[in-house]
Each structure stands twice: as structure tokens, then as C-alpha cells.
1. Give me the percent of DSSP beta bridges within the chain that run antiparallel, rounded to the nearest 5.
2. Let me check against my output: what whole-number percent is the relative contact order of the chain, with C-alpha pairs under 8 Å and at least 6 apart?
3. Give me the percent of the accessible area of region 1-93 that comes from carbon and sulfur atoms, probe 1.4 Å, all protein chains in place.
4. Hey, can you find the accessible area per residue of the chain for me, probe 1.4 Å, expressed in square angstrom?
5. Can you quote the Å³ per residue value for the convex hull of the Cα atoms in region 7-142, rounded to an integer?
Amino acid sequence: MESLYDDVMMEHIKNVRNYREIEAPTNIAKGTNPLCGDQFSVFLKLDNDIVVDLSFQCECCGISMASASMMTEVIKGNSLKDARKVIAEFKDFMRDNVDSLSVGGDLAAVAETVVKFPSRINCALLGWKTLETALKGEKEITVK
Ligand code: ZN
């Protein structure tokens, strides 16, 4: 399985970003991907419609962990409106594998992994969909 992760993915797995709980979060959601067995908790702190803090914890595979690690980096500090826009772009990007992702950067590595292993798309999307659920003020999502 070592060919599954490239250097960018491995770096996010070894040095995972924002992997912690937030004290007094404003929103928390749990996400499950039954196919792989991934289970996520996403913690969010909103202040005046700004995502001032964002973190996650999971029992999950490397693809979902790396994707969520990158997600916390690109979303933190955004307004609610911009956060939703980036999430929508990422979902389109994963579905169509287009080169239209304005935030770009490390996230291209997730798309490349999913191109090689299409059945793992829900792993890549789980953290993002869990965040989307938290932003809506909902508590739980299962991706199928
Ligand atoms: Zn997975």
C-alpha cells in the first residue's frame, strides 16, 4: 500500500494540522464513512461569522486525515461565506477533477490520489462534508 500516498499526503499524515479539540466550540459535528470505517469529529469556533478556529479528530485512513488536515489550513480565518465557497469548490474539484480550485496548493495531491483510487473519494470528502454539516449547525452526517 505504500504507493497510496505521495510526499505531500505523507507530510500531512505525519504532521497532521489542527488535530485537537477546541475548548468551548460553537459547533461540533460527527461524520462517518461506513465503506472505509472513517469516523470524524470536527470542532468549529465561529465569531461574527468568521471561522476563528477549526480542528478535528478521527479514527480514519490516511486519505481522509490528510484531506482534513489541508482543509483546516485553507478554511481557518475565512468568513462563513468564503468557507462555504471553498467547500463547494473542493467538492466540484473532486467530482470533476477540474483544475479550477482557486485555493490549490496541497489539495491537488488529494485529487491525484483519488484519481488513482476512485473508490476512496468519500474518504477525501468526509472531513469537508463534516465541516459543512457543522457550519449548518447540524450534528451528524454519513457519507455513502
Ligand atoms: Zn477512508
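1. Percentage antiparallel, nearest 5: 80.
2. That works out to 32 percent.
3. 49
4. Value for the chain: 51 Å² per residue.
5. 91
The values are calculated or read from the model by the stated rules, or taken from the named source; none is laboratory data. Since we're looking at a predicted model, the values are computed, not measured. When the accessible area is computed, the model is the full protein with side chains, heavy atoms only, and any ligands, DNA or RNA have been set aside. Shrake-Rupley method; radii C 1.70, N 1.55, O 1.52, S 1.80 Å.
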